[in-house]
Amino acid sequence: MSFNPTSRKAIALILVVFLLGIAIGAVGNMLVDRRVFGARVRGGNQPRQLPAFTRELDLSSDQQKKLTSILMDMQEHFESVRRQMDPQFEQIRNQGHDEIRQILTPEQRPKFEDFLQRLSEERRRRANPNR
């Protein structure tokens with residue numbers, strides 16, 4: 001079966017969209033894991049999900065202690081995976097930004113750089129909400 005140039009472009013575009021969907025899904029999954037299921041610590045050494053687990057499951061004091069340990073261990077693993085993936089996400093982000101710069105006019109580029117700086121500051125604030 002042979003494909004004409006238009007068909008090849010359409011197939012390539014579908015493949016790119018598919019791969020972007022996978023990448024966005026992976027990032028979304030990671031964010032859900034970090035923000036929803038990850039055992040974030042609040043104030044002390046108690047994961048924020050512990051009260052909900054205790055209420056929903058009627059946990060004993062001993063179960064609460066064991067669950068705290070499990071949730072804290074999960075959080076450490078989530079953070080380890082995030083630290084390993086961060087350089088890859090940064091590389092993808094930088095490559096995309098370079099591609100965007102190539103399509104912008106000279107007048108648009110400074111606006112884009114300002115926009116990127118605001119996004120970067122917002123990302124830092126979300127990553128370190130106590131700062």
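All of the numbers you see were taken from the coordinates with simple rules; none came from a lab. Everything numeric here is computed off the predicted structure, so don't read it as measured data. Note that each Cβ is placed from the backbone with ideal geometry, even for glycine, and that neighbours are counted across all protein chains shown.
With charges only on Cβ, +1 for K and R and -1 for D and E, what is the dipole size of the chain about its Cα centre, in debye, rounded to 20?
With Lys and Arg at +1 and Asp and Glu at -1, about 220 debye.
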Inset, instruction - Just tell me, in residue order, which DSSP H segments of the chain are both 30 angstrom or longer along the helix axis (alpha-carbon based) and at least -1.0 in mean Kyte-Doolittle hydropathy. - result: 5-32
Inset, instruction - Evaluate the distance, in nm, between pseudo-label points positioned 7 Å from the Cα of I24 and of E113 along their respective Cα→Cβ axes. - result: 2.9
Legend entry - Candidate aspartates and glutamates - alpha carbon under 14 Å from K65, same-chain residues fewer than 8 apart omitted: D73
Legend entry - Under 13 Å from the Cα of K111 - aspartates and glutamates, other chains or at least 8 residues apart: none
Legend entry - Separation in nanometres of the label points that stand 7 Å from Cα toward Cβ, at D98 and S120: 1.6
Legend entry - Candidate values (1) 8.6; (2) 9.0; (3) 13.2, label of the one derived for mean projected area of the Cα convex hull in nm²: (3)
Inset, instruction - Would you please classify the overall shape of the range 85-131 from the alpha carbon gyration tensor, given that a ≥ b ≥ c denote the square roots of the eigenvalues, rounded means a/c under 1.5, and beyond that prolate means a/b larger than b/c while oblate covers the rest? - result: oblate
Legend entry - Ranked list, fewest to most other Cβ atoms within 10 Å of each Cβ, for T68, T105: T105, T68
